[in-house]
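The values are calculated or read from the model by the stated rules, or taken from the named source; none is laboratory data. Please read these numbers as outputs of a predicted model, since none were measured by experiment. Please note: Cβ atoms are built from the backbone with ideal geometry, for glycine as well, and neighbour counts cover all protein chains shown.
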Protein chains: 2
Amino acid sequence: MRQFLIVGHDAPTTPEFSLDDLAGGAGRLDVLCRCVNSAFFLSHSIREDVRVHLVLGDEFTVRFEGADLRRLNPDERSTAALVRQALEHREDAIGHVPAESTPGVSIRRMGFEETLDHVADGTTVFELHEDGDPIADVEPPADPLFVLSDHNEFADRERSLLDAEADRRVRVGPKVLHADHTITVAHNYLDTEGYTTY
Amino acid sequence: MRQFLIVGHDAPTTPEFSLDDLAGGAGRLDVLCRCVNSAFFLSHSIREDVRVHLVLGDEFTVRFEGADLRRLNPDERSTAALVRQALEHREDAIGHVPAESTPGVSIRRMGFEETLDHVADGTTVFELHEDGDPIADVEPPADPLFVLSDHNEFADRERSLLDAEADRRVRVGPKVLHADHTITVAHNYLDTEGYTTY
């Protein structure tokens, strides 16, 4: 399974935001929505063997489970509506028990550290870093977890936590990309297994 | 220069559409907006050496010129607003004379055939095709033009025109991707020059 954890530093933690202002009042939720798009969509299907974790304001984590998703569309607005529906169920997420809001979408009362701890187990954790190894030189693992930040850099404490968990430090090319573009390149790297077998 | 031509089959040809319904009433303009995003955005800058041509309903073409762009933001809604502003200037586009609507964005009264003819000159035309060569095996040219379709397949006539113009027939991996994801992978291929030099 391929997993992507994206930290939304300014993302909303309540459902009181407008779908008309994702890049403004909704704390750049547009970035996270594009990450969900890149993680799941193929031309005519959804990647079922993918799981996405959106950390919202270090308070909640919304999980998208590829095998169970039913109402995901590619545009930012409809994905943001799914996140809003998840946040409407935030009071049902008690302790670490998740609350499912729509098929394949659930919310947990967990910030970055707890989510990373919880998710990293059994995976190969990829940290994206400008000084990392070219990803094309790395043998694709069976169960990668890519940990990404939204439009902001990781905070120092997050970077320390990630450094401690990371199995590989990689870069996807000579240029630093947006998180959603990084996900697309990561999928392509995994799809093509080092660009030699397709 | 890297160029991307994307055909929006259902895209609006007048500015009478709602920014709240890009994936519905606006004829999947969300797809084209994501293509613009993928074509131009780096993490902290815009790719200036890029030009994008959006063919709208085989009637108009909206051009985005990387070196001149001033008001481009990553989210779908604000990019759609730029397209709408371009369409507000459509009456000023007479013959093949463009009308600039905002810095770096202009509209031309040209459909797919005319735009392809006009743009292909001096470029290496890449046709994306499931049976094409793996793009990683192709030496990156100086001035590539990637021709893509929105959420629809190319119509037969469009495919014939493209077949006649294409210099290379490629695929970006074993899976068929959305147009915007294809652009991201194409950029990564060009950035990394065959994945060996970064």
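May I ask you to verify whether A:GLU48 is among the acidic types (Asp, Glu) and either free of Cβ contacts under 8 Å to residues at least 12 places away in the same chain or touching a His at 6+ places or on another chain (Cβ under 7 Å) (or both)? No: the conditions fail for A:GLU48. Right, B:ASP163: within 21 Å of B:ALA39 (Cβ to Cβ), surrounded by fewer than 14 Cβ atoms within 10 Å (Cβ to Cβ) and at pLDDT 95 or above or not? Against the criterion (within 21 Å of B:ALA39 (Cβ to Cβ), surrounded by fewer than 14 Cβ atoms within 10 Å (Cβ to Cβ) and at pLDDT 95 or above), B:ASP163 does not qualify. Every listed requirement among (1) part of a strand (DSSP E or B); (2) at pLDDT 95 or above; (3) closer than 30 Å to A:ARG47 by Cβ is met by B:HIS129 save one, (2).
Pairing each residue of segment A:52-69 that is among the acidic types (Asp, Glu) with any residue that is surrounded by 16 or more Cβ atoms within 10 Å (Cβ to Cβ) and outside any strand (DSSP E or B), provided the two are 6+ apart or on different chains, yields C-beta distances under 7 Å for A:ASP58/A:GLY111; A:ASP58/A:PHE112; A:GLU59/A:GLY111; A:GLU65/A:GLY104; A:ASP68/A:GLY104.
Taking the criterion of being in contact (Cβ under 8 Å) with a residue 12 or more places away in the chain and surrounded by fewer than 18 Cβ atoms within 10 Å (Cβ to Cβ), the residues of segment B:169-189 that qualify are B:ARG169, B:VAL176. Does B:GLU158 satisfy being in contact (Cβ under 8 Å) with a residue 24 or more places away in the chain, surrounded by fewer than 22 Cβ atoms within 10 Å (Cβ to Cβ), within 14 Å of chain A (Cβ to nearest Cβ) and among the charged types (D, E, K, R)? Considered against the rule, which asks whether it is in contact (Cβ under 8 Å) with a residue 24 or more places away in the chain, surrounded by fewer than 22 Cβ atoms within 10 Å (Cβ to Cβ), within 14 Å of chain A (Cβ to nearest Cβ) and among the charged types (D, E, K, R), B:GLU158 comes out as no. Take B:ARG34 and decide whether it is surrounded by fewer than 24 Cβ atoms within 10 Å (Cβ to Cβ) and either at positive phi or under 17 Å from the mean Cα position of the chain (by Cα) (or both). No: the conditions fail for B:ARG34. Just one of the numbered conditions (1) of a type in the set (Phe, Trp, Tyr); (2) more than 26 Å from A:SER43 (Cα to Cα); (3) within 12 Å of chain B (Cβ to nearest Cβ) is not true of A:TYR189: (2). Determine, yes or no, whether B:ARG84 is out of contact with any strand residue (DSSP E or B) (no Cβ under 7 Å at 6 or more places or on another chain) and either at pLDDT 95 or above or more than 27 Å from B:ALA67 (Cβ to Cβ) (or both). Yes; evaluated as a whole, the condition is true for this residue.
Name every residue in segment A:23-62 that is basic (Lys, Arg) and either within 12 Å of another protein chain (Cβ to nearest Cβ) or in contact with a Leu (Cβ under 8 Å, 6 or more places away or on another chain) (or both), in order of residue number. Within segment A:23-62, A:ARG28, A:ARG34, A:ARG47 meet the criteria.
Residues of segment B:89-117 that are exposed (fewer than 14 other Cβ atoms within 10 Å of the Cβ) and either at pLDDT 95 or above or not assigned by TED's automatic domain parsing to the domain that holds B:GLY25 (or both): B:GLU91, B:PRO103, B:ASP117.
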